[in-house]
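For reference, the structure discussed in these notes is given below.
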Number of protein chains: 2
Amino acid sequence: MSSFLDFKNKFENKISKHDSRKNTNRFADIVGLPDSVKVKKNTIHLAGGTPYETLFPFKKIDVEYRNSPGKLGEKDPSGSETIEKQKSFSIPLYKEHENQSDISTAFQYQYSNGSSELLAKTKKIVEALNMPGYKGWDTVMTSGSSDSMNKTFALLVDDETTVLCEEFTYPNVFHNCSYHGGTPVPLKMHVTDDKTKQGINIEYLKEFLEAFETNYPGKKKKIVLYTICTGHNPTALTESYEKRKQIYELCKNHGVFIIEDDPYGYLQLPKFDKTNPLVNAYDESVTLESFVKDLLVPSYITIDTEGIVLRMETFSKVVSPGLRLGFIVGNSYFIKRLSNISNMTNRNPAGSSQAIVNNLLDTLSTDYKALNPDAKWIDGWLDWCMKIAGTYTKRRNILFKAIYESEAYKKHLFTLLEPSCGMFASIVVNLKPEYIAVIDSKVKGQDKINKIKRAMDYLLCCLLEAGTVVILGYKMTVSKDFSMERATFLRITFAKASSENEFVKGAKGLSDGFETFFNEYMTENERWNLLPTGLEGM
Amino acid sequence: MSSFLDFKNKFENKISKHDSRKNTNRFADIVGLPDSVKVKKNTIHLAGGTPYETLFPFKKIDVEYRNSPGKLGEKDPSGSETIEKQKSFSIPLYKEHENQSDISTAFQYQYSNGSSELLAKTKKIVEALNMPGYKGWDTVMTSGSSDSMNKTFALLVDDETTVLCEEFTYPNVFHNCSYHGGTPVPLKMHVTDDKTKQGINIEYLKEFLEAFETNYPGKKKKIVLYTICTGHNPTALTESYEKRKQIYELCKNHGVFIIEDDPYGYLQLPKFDKTNPLVNAYDESVTLESFVKDLLVPSYITIDTEGIVLRMETFSKVVSPGLRLGFIVGNSYFIKRLSNISNMTNRNPAGSSQAIVNNLLDTLSTDYKALNPDAKWIDGWLDWCMKIAGTYTKRRNILFKAIYESEAYKKHLFTLLEPSCGMFASIVVNLKPEYIAVIDSKVKGQDKINKIKRAMDYLLCCLLEAGTVVILGYKMTVSKDFSMERATFLRITFAKASSENEFVKGAKGLSDGFETFFNEYMTENERWNLLPTGLEGM
């Protein structure tokens, strides 16, 4: 099981009806030519409508880059405050060496799967960090992970498909699933600090899969698992490698495809130390080797022996989101079909973004090698990823320190859930029992849901008045009814603040908002006449 | 009829079932807030997962540009041969003036409809050249015209929709139409030099629309017209303004939406002068004013009073295709829904491309104003478009001169169809009557189709041996059966050659291939044992 044809035979009746309908011929291809036709060498192409490259208004692009992230609070990082001297790399009109992107190629029409030089690099990244457990895998470039999700769903999801996802997830997941006709179904999660347990509730998943035929008689067992298993959004939890192996085994046995969305994987956060809140392991003990071996969690695709996993990576979080650039790893048949979807829809990701990232990666590698002559190509990229992870760790430390020092925390009004990875953290609200006590036993379930929602909405109003904007956990549920009891949390981020002071102010607003909420809620001091169902439209 | 709500009420039951199913809420939006909640000014955002801009590895991007296209045959346009001195514009980390794109915004997450500064420019372009005939229009950025087509089809096409298109067209059109479940239906065309007549056969369209209920009883009259009406691909013909008015009237009366795809519109080619083949009107008489007034043909949207036209423009042909950047103009309700499709799928076009084009447009404008103090903002852009059109005119002249001087042309083996616009031209093969004479009258229609295909395929083999690659016209038909009798042409391009010599060699190959074909075909000298149906799989 390793060739394109093997995978085609195995999977071609498993893809969506929509995708099966797709024509994949390229009209400019010439086929069926007799062998005896002696096509002249160096033919003159009067065929394709590709403008000649000197008609592009660009001659050369220079990118002034940094190989260390800017410091928090640094006002003008291009100014004199920076110690780093100006460094730059180019995108020339014509390439100066083989692996470089140039304008004549990157700004021209190109194949929908992406530029060859960047595709080669994605393969190096996969080989170094997440080698699939089978032969015959491939990669395809996409316009970022939203694009990847839309395409993997277009490939695998139709009106017969059930898409399992974490009960809390990025809302575009279930919207996009429905858009393709599929039925999103939430999986219960363990939202806990326990690293061996956190993430998908395996017992729940097992029962769901085993009882599928009984519970949904007549429904096709055509199931896809969509999971953000590393630095899960919104909870920031990570599925352990042991749990991944169990979940993979279940999926394999029940014919379930796994779509692993991993935008945050490189942003590993070492354990927060309350007694030394500003200690940053990245400044002390983490090395390239330990980063890869001890911190990064191997992908589902490393366990995959069947070609049932599609892994999605992106340059959004570690380089920048505006590039709209990501890639997918999977079996060669699926990758070919995904590239065909691109060919028929939005085509390749922008050549400008591909060229910038391709030449950046080579430059980071060269810089790193200059200091570490024995380094491998990948080390320059990993070094940058580690520096970014270190920066997020620093940001987390500053925010967490401020939160732990706040009045509301000291009064036990909430619990801060430790994020393992990524840029988010969850704050679980310690709602008083009377806030959610059920009175009308006839409508017990709905009554409790409404009560939780109203309390969380009131809290949001308090936080907005106190000047801190957060995301309510229930806004990221596949089904409020299913998950509201576990949705008593807020999502916060440490990605965006520009200075330490902003974090301190954010924590202060958080604390003030919580205090107001606990002082006013369900007392005569309630100031807003919220409906029993909370804010309308939320 | 001008507000979003007017258009929504009018059109919301006309969009595709697929699109109606789309959720358009943004999860981070807070709704239903009581007025009495006093949201603090300068709130601290702990909500969205947007990395801070100094975590991007880019500090500044410099683009060395040209404001005149490179000369044909110029070897290294960045070398000393160019008279033009080096000019560059920047994308700084933080913007230096209001309309400039910067890294902190362009490389960040942004709204799916595109960056505000570039959207503002698309509006200026529309206002200057193709002002819609109603109020309440809007624009949305896309990742190029393939992306635009995919999204306009996603909006308007489902399994009940009939998509009318020119019988010869870009094949992705009918593939994408089928992908969305629609039925592509070819419209007969007049493929002729007569400028008042060329393009869609209006009588045929009229009859089709009037007889729809009779011919397709039970089928919903849900019709979209997809048209490349300016520099049509592959024929390079242009629908006259008079014809556009008649077609619009028909569409309006029959509830047909018009999708106008206009990638080539700026590449207007003045009439070719056989006696002075190298005369280029752009070097002589064309001015900015006459370019706009006499050469550019106004879009369907200028005639539109109802909001039924969606016009698609792209920067692919006039700036560069690798940017994957285009835009759509239409009524504000459709534009909002198109932007929602982006939000759910591939999001905004790459910020890198948007920033490069935005700052390029401003730079071209500034350059032009320096020499022409009274110029409007748009003039710098139009000046560049004119220069590109002039370059294509020069390329056409060189290729046509070589073709008209060729042996095969002098022997009347083919007719060269004059392109009005774009980068393509059609060569109609003067097939001998005996090549396509029908013998078996029982299968007359199919027999003739096969005979034409076999002859064209044999010609292709001859051309490949002679070293010139072309596109056979029938490869770009919606239906071979419907159009084969009018598909006795080749599409050639003058976009890609790097030198005059390449054009001369291309024309020589063309001529040699034709001569071989007419010498061998249906004689004892036929060398390839082609099937009665020609090449298999074509």
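The values are calculated or read from the model by the stated rules, or taken from the named source; none is laboratory data. No experiment lies behind these values; they were computed from the predicted model shown. Virtual Cβ from ideal backbone geometry, glycine too; neighbours counted across all protein chains shown. Please note that ligands, DNA and RNA were not included when accessible areas were found on the heavy atoms of the full protein model with its side chains. Shrake-Rupley method; radii C 1.70, N 1.55, O 1.52, S 1.80 Å.
Test A:Glu418 against the stated conditions and say whether it is farther than 25 Å from B:Asn42 by Cα, in contact (Cβ under 8 Å) with a residue 40 or more places away in the chain and among the charged types (D, E, K, R). Answer is yes for this residue. Among the residues of the range A:479-522, just one is free of Cβ contacts under 8 Å to residues at least 40 places away in the same chain and assigned to a loop (DSSP other than H, G, I, E, B), namely A:Lys496. Of all residues in the range A:287-302, those that are touching a Pro at 6+ places or on another chain (Cβ under 9 Å) and either modelled with pLDDT under 95 or open to solvent by 30 Å² or more (accessible area, probe 1.4 Å) (or both) total 2.
Restricting the first member to the range B:1-29 and to residues that are more than 30 Å from A:Leu472 (Cα to Cα) and in contact (Cβ under 8 Å) with a residue 12 or more places away in the chain, and the second to residues that are among the hydroxyl-bearing types (Ser, Thr, Tyr) and open to solvent by 60 Å² or more (accessible area, probe 1.4 Å), the beta-carbon pairs closer than 9 Å and six or more apart or on different chains are B:Met1/B:Thr305; B:Glu12/B:Ser20.
Of the residues contained in the range A:396-408, none is found to be of a type in the set (Asp, Glu), over 20 Å from A:Ile228 (Cβ atoms), within 14 Å of chain B (Cβ to nearest Cβ) and touching a residue at least 24 places away in the same chain (Cβ under 8 Å). Given (1) within 16 Å of the chain's Cα centre (by Cα); (2) assigned to a helix (DSSP H, G or I), identify the lone condition not met by B:Leu225. Exception for B:Leu225: condition (2). Summed over the range A:187-222, the residues that are part of a loop (DSSP other than H, G, I, E, B) and not polar (S, T, N, Q) give a count of 14. Would you check if there is a residue in the range A:445-453 being farther than 28 Å from B:Asp35 by Cβ, more than 12 Å from chain B (Cβ to nearest Cβ) and at pLDDT 95 or above? No, every residue in the range A:445-453 fails to be farther than 28 Å from B:Asp35 by Cβ, more than 12 Å from chain B (Cβ to nearest Cβ) and at pLDDT 95 or above.
Filtering the range A:445-468 to residues that are open to solvent by 10 Å² or more (accessible area, probe 1.4 Å) and not small (Gly, Ala, Ser) leaves A:Gln446, A:Asp447, A:Lys448, A:Ile449, A:Asn450, A:Lys451, A:Lys453, A:Arg454, A:Glu465. Suppose we keep only residues that are within 14 Å of another protein chain (Cβ to nearest Cβ), in a helix (DSSP H, G or I) and among the charged types (D, E, K, R) within the range B:333-378. Which one would you say is surrounded by the most Cβ atoms within 10 Å (Cβ to Cβ)? Step by step, filter the range B:333-378, then rank; the result is B:Arg337.
The condition (being within 11 Å of chain A (Cβ to nearest Cβ) and either modelled with pLDDT of 95 or more or under 29 Å from B:Gly73 (Cβ atoms) (or both)) is satisfied by just one residue among B:Gly509, B:Gly537: B:Gly509.
Against the criterion of being within 14 Å of another protein chain (Cβ to nearest Cβ) and either under 21 Å from B:Glu515 (Cα atoms) or surrounded by fewer than 19 Cβ atoms within 10 Å (Cβ to Cβ) (or both), B:Val438 does not qualify. Scanning the range B:192-203 for residues being within 28 Å of A:Ala28 (Cβ to Cβ) and surrounded by fewer than 22 Cβ atoms within 10 Å (Cβ to Cβ) gives a total of 3. The requirement of being touching a helix residue (DSSP H, G or I) at 6+ places or on another chain (Cβ under 7 Å) and in contact (Cβ under 8 Å) with a residue 60 or more places away in the chain is not satisfied by A:Ser353. Within the range A:274-286, does at least one residue satisfy the condition of being within 21 Å of the chain's Cα centre (by Cα), closer than 22 Å to B:Pro51 by Cβ and not in a loop (DSSP other than H, G, I, E, B)? Taking every residue of the range A:274-286 in turn, none turns out to be within 21 Å of the chain's Cα centre (by Cα), closer than 22 Å to B:Pro51 by Cβ and not in a loop (DSSP other than H, G, I, E, B). In the range B:59-69, the condition of being assigned to a loop (DSSP other than H, G, I, E, B), at the interface with chain A (Cβ under 8 Å from one of its Cβ atoms), within 30 Å of B:Gly380 (Cβ to Cβ) and without any contact (Cβ under 8 Å) to a residue 24 or more places away in the chain is met by at least one residue. Within this structure, A:Gln268 passes the test of being more than 14 Å from chain B (Cβ to nearest Cβ), within 23 Å of B:Glu53 (Cα to Cα) and either crowded, with 24+ Cβ neighbours inside 10 Å or under 19 Å from the mean Cα position of the chain (by Cα) (or both). For the range B:6-27, the tally of residues that are in contact with a strand residue (DSSP E or B) (Cβ under 9 Å, 6 or more places away or on another chain) and either open to solvent by less than 10 Å² (accessible area, probe 1.4 Å) or outside any loop (DSSP other than H, G, I, E, B) (or both) stands at 4. Here A:Lys387 meets each of (1) open to solvent by less than 10 Å² (accessible area, probe 1.4 Å); (2) within 11 Å of chain B (Cβ to nearest Cβ) with one exception, condition (1). Of the residues making up the range A:51-86, just one is of a type in the set (Lys, Arg), modelled with pLDDT under 95 and either more than 30 Å from the chain's Cα centre (by Cα) or on the phi > 0 side of the Ramachandran plot (or both), namely A:Lys85. The range B:109-186 holds helices (runs of 4 or more DSSP H) entirely within its bounds, and those carrying 1 or more residues that are farther than 28 Å from B:Pro217 by Cα and free of Cβ contacts under 8 Å to residues at least 24 places away in the same chain map to B:116-129. Of all the criteria given as (1) modelled with pLDDT of 95 or more; (2) within 25 Å of the chain's Cα centre (by Cα); (3) within 12 Å of chain B (Cβ to nearest Cβ); (4) open to solvent by 10 Å² or more (accessible area, probe 1.4 Å), the one not satisfied by A:Thr488 is (3).
Just so you know, in the range A:209-255 the residues that are among the β-branched types (Val, Ile, Thr) and open to solvent by 10 Å² or more (accessible area, probe 1.4 Å) include one that is nearest to A:Val173 (Cα to Cα), and it is A:Thr238.
Exactly one residue out of A:Tyr204, A:Tyr216 is of a type in the set (Phe, Trp, Tyr) and touching a Leu at 6+ places or on another chain (Cβ under 7 Å): that is A:Tyr204.
Screening the candidates B:Lys376, B:Lys444 for the property of being among the basic types (Lys, Arg) and touching a residue at least 60 places away in the same chain (Cβ under 8 Å) yields one hit, B:Lys376.
Would you check if A:Gly330 is buried (at least 23 other Cβ atoms within 10 Å of the Cβ), more than 14 Å from chain B (Cβ to nearest Cβ) and assigned to a loop (DSSP other than H, G, I, E, B)? Taking the combined requirement at face value, the residue does not satisfy it. Would you check which residues across the range B:100-131 are at pLDDT below 95 and more than 11 Å from every other protein chain (Cβ to nearest Cβ) and list them? Passing the criteria: only B:Tyr111.
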